[in-house]
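Encoded as structure tokens, the structure appears first; notes follow it.
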Amino acid sequence: MMKQLDVVTIGEAMAMFIAQQSGDLAAAEGFVKRIAGAELNVAIGLARLGLQVGWVSRVGDDSFGRFTLQQLAKEKVDHHCVTTDTRYRTGFQLKSRVDDGSDPEVEYFRAGSAASHLSPDDFNADYFGGARHLHLSGVAAAISDSSLELTKHAAKEMRSRGKTISFDPNLRPVLWRSEDEMRKQLNLLAEYADWVLPGEKEGFTLTGYRQPEAIADFYLDKGVRAVVIKTGCDGAWYKTADGEKGNVAPILVDNVVDTVGAGDGFAVGLISALLEGKSLPQAILRGNKIGSLAIQVAGDSEGLPTRAALGDF
């Protein structure tokens, strides 16, 4: 019998090597190995808060694949539907070290990875159907045509079963054939979602609108229940299908170390709070809190808190 889950998500994990010295990656001689992946970050963050989370993917029959499975077990993320693929390798990335809060340099080695061969065949109806909520991001949709079809199929099936769905566009233009194709496919995927979570710049790229309310209306007109737009130093702006709207102030921090993973941390806070029955403003506040924790450490998921740490914060 399949495990009952709070959340299920789909994505690619990569081994990540973070330079131990700041500066140009070409000059780096020492690296620390971690794990990376937008949807995986969300899965880890939700699991640390005590939710039952399943992550669906493919990894290679290699050391990076084994490392991924070990980290999933360590973080208590269910991986019954992660396939070890003997034909293709697990991707990896190199990431520069930054100490001034700027965006780090990242180089990806993921073309033809095991995860890029995800397809609708990886959809286990009982596994997905046993979850309350589906979280999707634009990364899984971008890594291949077959993975895009899986995300669409999962969204369609989960919506038909009355499950809630969140969608973070998480734009990766380099993985798409064109920006027009990216815009078309991600906006189609967003139509299945209850909660759409773009950044302000992402919203402009996808809708052509600069104002948060116009971005929100673009998706609300397509049947989305709520749109939350991450506005950086201004926090987050939201609007619901019922017309509720407003801004939630950011959590200011003194020492920004690494901005990667902030959006994933925000998704962790918002999804967990909404699944607990919190109001949307309360959920956004938690998202801002966890996003602020994520940017104070190096690594994509190292700053995501446990339930106890979140309470202390």
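In region 179-313, a dipole from Cβ-located charges (positive for Lys and Arg, negative for Asp and Glu) runs towards its positive end, and of Gly311, Asn288, Thr207 it is Gly311 whose Cα lies farthest in that direction.
Based only on Cα atoms, what mean projected area does the convex hull of the chain have, in nm²? Mean projected area of the Cα convex hull: 15.2 nm². Ignoring lysines fewer than eight residues from Lys156 along the same chain, the ones with Cα atoms less than 25 angstrom from its Cα are Lys3, Lys184, Lys222, Lys239. In straight-distance terms, cross-link reach from Lys76 covers every one of the aspartates and glutamates whose alpha-carbon lies under 19 Å from its own, apart from those fewer than eight places away in the same chain; here that gives Asp6, Glu12, Glu39, Asp264, Asp300, Glu302. Database remark: amide H of Val82 closer than 5 angstrom to the amide H of Ser57 (H placed geometrically; neighbours at sequence offset of 5 or more, or on other chains; Pro and chain starts carry no H). Rounded to the nearest 20 debye, the dipole magnitude of region 140-279 is 340 debye, with +1 charges on Lys and Arg beta carbons, -1 on Asp and Glu beta carbons, and the Cα centre as origin. A straight chain from Gln70 to Arg210 at 0.36 nm per residue would run longer than the Cα-Cα distance by 46.1 nm. Given +1 at the Cβ of Lys and Arg, -1 at the Cβ of Asp and Glu and no other charges, the dipole of the chain around its Cα centre is 720 debye to the nearest 20. Remark on Ile35: its backbone amide H falls under 5 Å from those of Met16, a criterion applied only to residues 5 or more positions apart or on other chains, H modelled at 1.01 Å from N.
Dipole orientation for the chain: of the candidates Ala190, Ala27, Ala298, Ala190 has the Cα lying most toward the positive pole (charges on Cβ; Lys, Arg +1; Asp, Glu -1). Contact order, relative form, for region 4-143: 33 percent (alpha carbon pairs under 8 Å, 6 or more residues apart, mean separation divided by residue count).
Taken per residue, the accessible surface of the chain reaches 42 Å², heavy atoms only and a 1.4 Å probe. Karplus-derived 3J(HN,Hα) values for region 273-286, using 6.51 cos²θ - 1.76 cosθ + 1.60 with θ = phi - 60°, are 5, 5, 5, 8, x, 6, 6, 4, x, 5, 5, 5, 4, 5 Hz; glycine and proline are entered as x.
Roughly to the nearest percent, how much of the accessible area of the chain is carbon and sulfur, given a 1.4 Å probe? Ligands and nucleic acids excluded, carbon and sulfur reach 48 percent.
The values are calculated or read from the model by the stated rules, or taken from the named source; none is laboratory data. Small disclaimer: the values here were computed from a predicted structure and weren't measured. Please note: Cβ atoms are built from the backbone with ideal geometry, for glycine as well, and neighbour counts cover all protein chains shown. Surface areas here come from the heavy atoms of the whole protein model, side chains and all, with no ligands, DNA or RNA. Shrake-Rupley method; radii C 1.70, N 1.55, O 1.52, S 1.80 Å.
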